[in-house]
Amino acid sequence: MTIEVKNLVKKFGTFAALDGVDLKVDNGELVALLGPSGSGKTTLLRIIAGLDWPDSGEVSFNGADALAQGARERHVGFVFQHYALFRHMTVFENVAFGLRVQPRAVRKDEAAIRARVKELLDLVQLDWLADRYPGQLSGGQRQRIALARALAIEPRILLLDEPFGALDAKVRKELRKWLRSLHHEINVTSIFVTHDQEEALEVANRVVVMDKGRIEQIGSPNDVYDNPATAFVHGFIGESIVLPVDVADGAVRLGDRPLALAVDGLSPGASKLFVRRHDMLVGPPGSGAFEGAVQHVRTFGPVQRAEVALFGGETIEIDAPRDRELRTGDRVGLEPRRYRIFAG
Amino acid sequence: MGLTLSWLSIIILIPLAGLFLRSLELSPEQFWNILSSRRTLNALRVSFGLAFAAASVNLVMGSIIVWALVRYRFPGRRIFDAIVDVPFALPTAVAGVALTSLFAEKGWLGAPLAALGIKVAFTPIGIFVAMIFIGIPFVVRTVQPVLQDLDPEIEEAAGSLGASRLQTIRRVILPSLAPALLTGLALAFARAVGEYGSVIFIAGNLPNVSEIAPLLIVIRLSEFRYADATAIAVVMLVVSFVTIFAVNRLQRWAQNRVPAR
């Protein structure tokens with residue numbers, strides 16, 4: 001099932017939750033919607049599910065208009081952050097719910113329902129919990145049951161809203177791997193929402209980075225990390241050194257120091273220079289675009305993290321390999337291996 | 001622990017025991033004769049029958065009120081929310097007088113109803129109305145917190161799994177609220193059975209027709225027929241006790257089913 005979203009706008013009062021969003025998801029993809037809270041990612045997911053309605057724009061599944069249908073007709077599996085399990089039903093009945101409420105004409109008989117539920121509980125590896133109530137399960141177990149319940153109706157699309165948001169770090173890591181392999185197994189077109197970049201980069205085939213109701217970048221995990229399209233993406237994904245620079249007269253300046261950096265294609269004015277910490281190469285003084293004095297060094301694992309006061313007035317943290325020990329007071333030259341300069 | 005027990009004994013257990021002991025002064029035969037007299041039976045029938053009818057009405061109307069109070073935001077919601085408690089706070093005699101003057105043949109509601117040939121005040125319908133009035137907060141206040149706790153997301157979940165609105169209400173919402181609804185019903189029933197103050201003003205108090213059991217107790221007491229009074233009282237006590245016990249079991253069952261989150 002392909003999903004296509006065109007120019008979607010949704011306002012809550014004067015706040016634009018979605019401000020002209022276009023997105024195409026191909027059959028069998030596992031896509032992450034990544035962004036800070038308030039970026040509109042959950043609103044987008046709910047509109048695709050039919051739980052919310054846009055002010056304008058289009059949503060289509062395999063080319064057919066989806067907005068003409070309610071949540072009930074769309075045949076979409078939805079997994080909520082806080083599970084939304086039916087607390088008065090056993091795990092078994094929770095999973096069977098979607099099968100039991102089908103119109104009589106297409107409803108399976110009791111034996112078929114039992115077999116299907118058993119199959120799903122096996123799939124999420126929780127068949128031994130069938131007779132428990134949701135209140136008796138751990139968070140991770142509840143979320144797996146919620147997923148089994150959503151899959152029971154053989155959804156055309158699977159949507160997950162911060163599925164691991166309410167779980168602790170260790171369980172979250174396990175479930176990430178599990179979700180990836182599950183998707184591999186059932187291969188249903190899936191979109192999940194997260195504010196955790198590690199989760200998005202690790203699980204998804206494709207990442208959609210959102211901010212303030214707009215899509216900032218769509219790309220593979222590698223792509224959004226290595227080639228951020230905007231200042232926001234660079235700052236939001238991975239840790240970045242951000243330096244305020246000035247582009248004027250064919251030169252880039254930090255404070256009053258000109259930097260030996262190319263200016264091709266940059267528009268003049270106040271700008272921001274983004275570098276990854278590990279992309280700052282350390283050399284002898286005078287060897288790179290920047291120069292500075294080491295203030296402080298901490299060593300852990302394969303890297304040493306040094307605080308360097310740049311000549312020109314900023315202090316940055318860099319990660320350097322341990323082949324050359326840095327000491328407090330050393331003067332060093334720094335050359336950014338990869339960097340991006342964004343206007344503004 | 002000791003304090004709780006002694007306090008409970010002084011306030012509740014000792015008076016109840018006294019009541020039972022008093023009724024033991026009667027032989028089983030006398031006891032039976034009092035209870036099976038036409039007037040007693042009719043009084044008990046009026047009390048229990050109308051109380052159950054009123055509690056049932058409260059269950060339905062109370063649920064609708066709760067739904068509106070919890071799920072909708074409308075101007076004056078907080079005032080309506082506060083008004084629900086009025087029957088709790090109002091002295092029952094005041095309620096009785098107010099209802100009587102409202103439903104009397106010349107009252108604001110009584111006059112139009114009389115024109116339709118329906119007489120409310122001084123008939124069993126009047127008792128029914130008074131019992132509804134005093135019972136409504138019990139249903140609302142028991143169900144309200146449970147509904148507030150009920151995550152609207154579970155309705156969305158049911159919808160996305162293909163359930164119609166009706167299926168969602170029947171299979172998800174009502175079963176989640178059922179323990180609270182039954183508790184509210186039982187409390188409203190217990191209260192209506194024991195109601196005295198507001199009912200006697202509007203009832204007309206005709207023996208065998210609109211005479212409630214608590215009033216019959218008072219009448220017997222004023223006639224110094226203490227044994228008769230106690231016998232009726234014991235029956236009412238047993239029924240209340242059974243009701244409260246059922247409520248208790250119901251709540252325990254609901255808690256076991258849904259352990260604390």
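Per residue, chain B reaches -24000 deg cm²/dmol at 222 nm when only DSSP H runs of four or more residues are counted, each adding -39500 (n - 2.57).
Taking GluC sites (Glu not before Pro) as exposed when DSSP calls them loop and at most 13 other C-beta atoms lie within 10 angstrom, chain B has its longest site-free stretch at B:106-222.
Could you sort out which of A:Lys41/A:Lys173; A:Lys24/A:Lys212; A:Lys173/A:Lys272; A:Lys118/A:Lys173 sit more than 28 Å apart by Cα distance in this structure? Write down the numbers at each step before the final one.
Working: A:Lys41/A:Lys173 22 Å; A:Lys24/A:Lys212 19 Å; A:Lys173/A:Lys272 34 Å; A:Lys118/A:Lys173 26 Å.
Where the Cα-Cα span goes over 28 Å, the pairs concerned are A:Lys173/A:Lys272.
Along chain A, the longest continuous region that contains none of the GluC sites (Glu not before Pro) in a DSSP loop with at most 14 other C-beta atoms within 10 Å is A:1-238. Between B:Phe74 and B:Val86, the simple spin-label model (points 7 angstrom out along Cα→Cβ) gives 1.6 nm.
Calculation over all alpha carbon pairs of chain B in 10 angstrom steps from 0 returns a P(r) of 7, 23, 30, 23, 13, 4, 0 percent.
Could you please rank A:Arg114, A:Arg298, placing first whichever residue has the fewest other Cβ atoms within 10 Å of its Cβ?
Working: A:Arg114 15, A:Arg298 10.
Sorted ascending by nearby Cβ count, the order is A:Arg298, A:Arg114.
Between the alpha-carbon centres of the range B:1-30 and the range B:200-235 there is a gap of 21 Å. Distance from the Cα centroid of the range B:108-130 to that of the range A:223-249 is 78 Å (rounded to whole angstrom).
Using only Cα atoms, what Kirkwood radius does the range A:179-229 have, in angstroms? Don't jump to the answer; show the numbers that get you there.
Details: mean 1/r = 0.0851 Å⁻¹.
Taking the inverse mean of 1/r over all distinct Cα pairs, the range A:179-229 comes out at 11.7 Å.
Each Cα pair under 8 Å and six or more residues apart adds its sequence gap; the mean of these over the residue count of the range A:1-113 is a relative contact order of 23 percent.
Taking 0.36 nm per residue of separation and subtracting the Cα-Cα distance, full extension of the segment from A:Asp65 to A:Asp223 would add 53.8 nm.
A Förster radius of 35 Å, combined with the Cβ-Cβ distance separating A:Val171 from A:Glu58, puts the computed FRET efficiency at roughly 0.40. Residues whose amide H falls under 5 Å from that of A:Leu160, counting only those 5 or more places apart or on a different chain, are A:Val79, A:Ile191, A:Phe192, A:Val193, with hydrogens built in the peptide plane. Note: relative contact order over chain B, using C-alpha pairs below 8 Å and six or more positions apart, is 30 percent.
Rounded to a whole number, what is D in µm²/s for chain A from Stokes-Einstein with the Kirkwood radius over alpha-carbon pairs (20 °C, 1.002 mPa s)? Each step should come with its number before you reach the end.
On the way: Rh = 23.0 Å.
Answer, rounded: 93 µm²/s.
Scalar couplings 3J(HN,Hα) for the range A:295-305, obtained by applying the Karplus form with A = 6.51, B = -1.76, C = 1.60 to θ = phi - 60°, are 9, 6, 10, 10, 10, 8, x, x, 10, 10, 9 Hz; x denotes Gly and Pro.
Under a 5 Å amide H cut-off, with hydrogens placed 1.01 Å from N, A:Arg214 pairs with A:Asp19 among residues at least 5 apart or on other chains. For A:Phe15 and A:Ala115, the FRET efficiency from 1/(1 + (r/R0)^6), where r spans their Cβ atoms and R0 equals 51 Å, is about 0.60.
If a spin label sat at a point 7 angstrom from the Cα of B:Leu35 along the line to its beta carbon, the backbone N atoms of the range B:236-256 nearer than 11 Å would be those of B:236-239.
For chain A, no complete DSSP H run has alpha carbons reaching 30 Å or more along its own long axis together with a mean Kyte-Doolittle score of 0.0 or higher.
Remark: the range A:255-266, residue by residue, has Karplus-estimated 3J(HN,Hα) of x, 9, 8, x, 10, 7, 10, 5, 10, 4, x, 8 Hz, where x stands for each Gly or Pro and the curve is 6.51 cos²θ - 1.76 cosθ + 1.60 at θ = phi - 60°.
Only the coordinates and a few stated rules stand behind these numbers; no lab work does. As the structure is a computational prediction, the values presented were derived from the model and not from experiment. For neighbour counting, all protein chains shown are included, and Cβ atoms are generated from backbone atoms with ideal geometry for every residue, glycine included.
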